[in-house]
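Asks: Provided herewith is a single structure, encoded as structure tokens, for subsequent inquiry.
The values are calculated or read from the model by the stated rules, or taken from the named source; none is laboratory data. Values in this document were obtained by computation on a predicted structure and should not be read as measured data. Every residue, glycine as well, gets a Cβ built from its backbone with ideal geometry; the counts of neighbours run over all protein chains shown. The accessibility values were calculated without ligands, DNA or RNA, using every heavy atom of the protein model including side chains. Shrake-Rupley method; radii C 1.70, N 1.55, O 1.52, S 1.80 Å.
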Amino acid sequence: MSEYNREYIADKLRKELDATYITVDDLSDGCGAKFQALIVSPKFESKSLLERHRMVNSILAEEMKSIHAFTQKTLTPEQWKKQKPQS
Amino acid sequence: MEIIARASSRTSSSCKLIITSIVCRRIVSTSGLHRYLMLNLKPTGTSRPGNMLNNTFLSKTTSYGHSKVSFTPLSTAATGTKEHVDELVKKNKVVVFMKGDPDAPRCGFSNAVVQILRMHGVTYDSHNVLEDENLRQGIKEYSNWPTIPQVYVDGQFIGGCDILLQMHQSGEIIEELKKAGIRSALLDQALEEERKNMDSKKSE
């Protein structure tokens, strides 16, 4: 059981990446062991998938040591606009 | 069993092992068994090598649909080192480090990678990090990537499950495979369907 919860992860990522939209789900039912994140940030512009994921990984480097599994979707604001259902 | 008792009184201890391992309720003619034993005992004084317990003739080969590699570490090098991983990722165009084997993945993310590669008809080397703690740690340091599975194409780290999935959905993976000289089966399938559609349109 790690000491990180989704709010903490979301906050940290939002701050570091200037994320315009971010959701973090805890798939381990509150255990803090398995997270799923959707991050929309302009900082991802012109970066390859791998680069984006590495950015996220390095921000969460310390936390990763106790998190068991981490899934992430990294989008630029452009991509997010196209993807999400039009409101 | 009667047979065993009789036979064991006449034979060497190594044969006793073999005889007692014969669990059969059928009536085996003692003369036949005896004749067989004597045939082998007389010339060599012992049982045939293949009949000894713990013989190495029967090697267990596990063959997987995809070239699963159970590596034998170099006699001097430890596993999980940079040199070791360097070697592994060069052995095949596509190399996957996962939990479990392609036939029995032990993790949902590893399974996703296996399924995607299967869909594209890719043959690859697979390494089960659960079998080797050094490799499990070493591969994370090698790629500076904290999670398993990890996919390497042409010795380059491509990503994990998320990235592979996104590449598959966007079609980017086909390009990546093409760069390595691998033709995606899914691409062929799609082209085939496209061709059929065009043909049927022509005939209308």
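Asks: Could you name the lysines whose alpha carbon sits less than 25 Å from that of A:K81, not counting residues in the same chain fewer than 8 places away?
Replies: A:K12, A:K15, A:K43, A:K47, A:K73
Asks: Excluding ligands, DNA and RNA, what is the accessible area buried between chains A and B, summed over both sides, using a 1.4 Å probe, to the nearest 100 Å²? Kindly include the intermediate steps, with their values, before the conclusion.
Replies: Details: alone 5560 and 13190 Å², together 17560 Å².
The summed interface area works out to 1200 Å².
Asks: Here is a further query. What does the charge add up to near A:T76, with Lys and Arg as +1, Asp and Glu as -1, over the other residues with Cβ less than 15 Å from its Cβ? Walk me through the numbers before you get to the answer.
Replies: On the way: positive: A:K43, A:K47, A:R52, A:K73, A:K81, A:K82, A:K84; negative: A:D18, A:E45, A:E51, A:E78.
Charge balance near A:T76 sits at +3.
Asks: Where in the range A:57-87 are there trypsin sites (Lys or Arg not before Pro) that are in a DSSP coil and have at most 10 other Cβ atoms within 10 angstrom of their Cβ?
Replies: Passing both the DSSP loop test and the Cβ count: A:K65.
Asks: Go through the range B:155-185 and name the trypsin sites (Lys or Arg not before Pro) that are in a DSSP coil and have 14 or fewer other Cβ atoms within 10 Å of their Cβ.
Replies: The qualifying sites are B:R183.
Asks: Where the accessible area of the range A:6-79 is counted over protein heavy atoms with a 1.4 Å probe, how much of it, in %, is carbon and sulfur?
Replies: Its accessible area is 49 percent carbon and sulfur atoms.
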